[in-house]
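The values are calculated or read from the model by the stated rules, or taken from the named source; none is laboratory data. Values in this document were obtained by computation on a predicted structure and should not be read as measured data. Don't worry about glycine lacking a Cβ; one is built from the backbone with ideal geometry, like all the others, and counts go over all protein chains shown.
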């Protein structure tokens, strides 16, 4: 594996993780995909005695939920996302 990776090289990983998440949910488990920040790579590798050639990209803790998650509120989509094209420009805050 090289330092430069085309954006789609890990597509199979994403598909696998998405399928795993759905499987866990179907079986009554909860999971959370958490992406790594490179600032902690060295500490994580040392703590878990990981090979130097491994590249840390994410972790997915899995377990039995102890309660139902609370309701989330979101800003309107137009306040969070800007779309630029020839037909429409969304004006966000």
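For this structure, a couple of remarks:
- Scanning region 28-44 for residues that are in contact with a helix residue (DSSP H, G or I) (Cβ under 8 Å, 6 or more places away or on another chain) and closer than 13 Å to residue 55 by Cβ gives a single hit, 36.
- Yes/no for residue 69 being in contact with a strand residue (DSSP E or B) (Cβ under 6 Å, 6 or more places away or on another chain) and farther than 22 Å from residue 13 by Cα: no
- Residues in region 21-44 that are assigned to a helix (DSSP H, G or I), at pLDDT below 90 and surrounded by 13 or more Cβ atoms within 10 Å (Cβ to Cβ): 3 in all.
- Region 68-79 residues that are over 22 Å from residue 29 (Cβ atoms), paired with ones that are outside any loop (DSSP other than H, G, I, E, B) (beta carbon under 8 Å, 6 or more apart): 74/80
- Flag for residue 62 being more than 22 Å from residue 13 (Cβ to Cβ), surrounded by 10 or more Cβ atoms within 10 Å (Cβ to Cβ) and within 21 Å of the chain's Cα centre (by Cα): no
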